[in-house]
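Reviewing the structure listed below.
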Amino acid sequence: MFPDPARSQAGRPGQPRKSPHELHTAAVSFVLACGAFALAAGAPAVPATVLLVFALGALTSAELVTSAGEWFLSVNLAPARLRERYLSVFKTSTAVQQAAGPVLVTTALTGWGRLGWLALASLLAAGTIASRRLAARETARRLSPTGTTPLPQMPAADRRLRAADRVDETQFSHF
């Protein structure tokens with residue numbers, strides 16, 4: 001469930017973070033978590049406990065990876081001049097989701113049982129896969145410039161900040 005270092009290059013300056021693979025992992029984790037939650041209902045105590053612990057681990061993994069993927073999409077895919085507006089809409093949609101989501105999910109799961117878990121797994125997987133495709137398409141488009149698709153330029157203030165943040169590695173050569 002950890003990001004693949006060969007595919008994720010967040011630690012290298014000037015290299016974009018590649019989130020599509022991680023979003024695929026999140027979709028699989030969501031489906032596994034929902035399946036384990038559904039199977040735990042009505043199971044004997046010990047198997048139910050094992051299924052619930054597994055489901056919580058899978059759900060936590062999926063949420064962490066999805067959260068990183070959402071931020072990747074909201075920050076990196078927004079046009080530089082409109083980034084503040086995009087982030088405002090992103091945060092507002094997150095707040096609405098956090099307010100309405102628990103009520104809707106609880107109502108669906110208590111009313112539909114295992115079918116509700118199947119519906120939730122399908123919805124989460126579809127949303128995550130759609131985000132993965134968007135991230136892959138936009139990342140590929142931005143990393144392979146053509147005459148009509150120039151790479152976005154970093155604002156001058158960001159260039160100065162990045163230059164100021166660079167560490168002179170010779171300072172640490174005495175270790």
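Throughout, read-outs are computed from the coordinates displayed, never taken from laboratory work. Please read all numbers here as calculations on a predicted model, not as lab measurements.
Quick notes on this one:
- Extension reserve of the residue 90-residue 60 stretch, reckoned as 0.36 nm per residue once the Cα distance is removed: 8.7 nm
- Square roots of five times the Cα gyration tensor eigenvalues for the range 20-144, Å: 31, 17, 11
- Legend: Rg and Dmax of the range 93-137, from Cα coordinates, 12.6, 38 Å.
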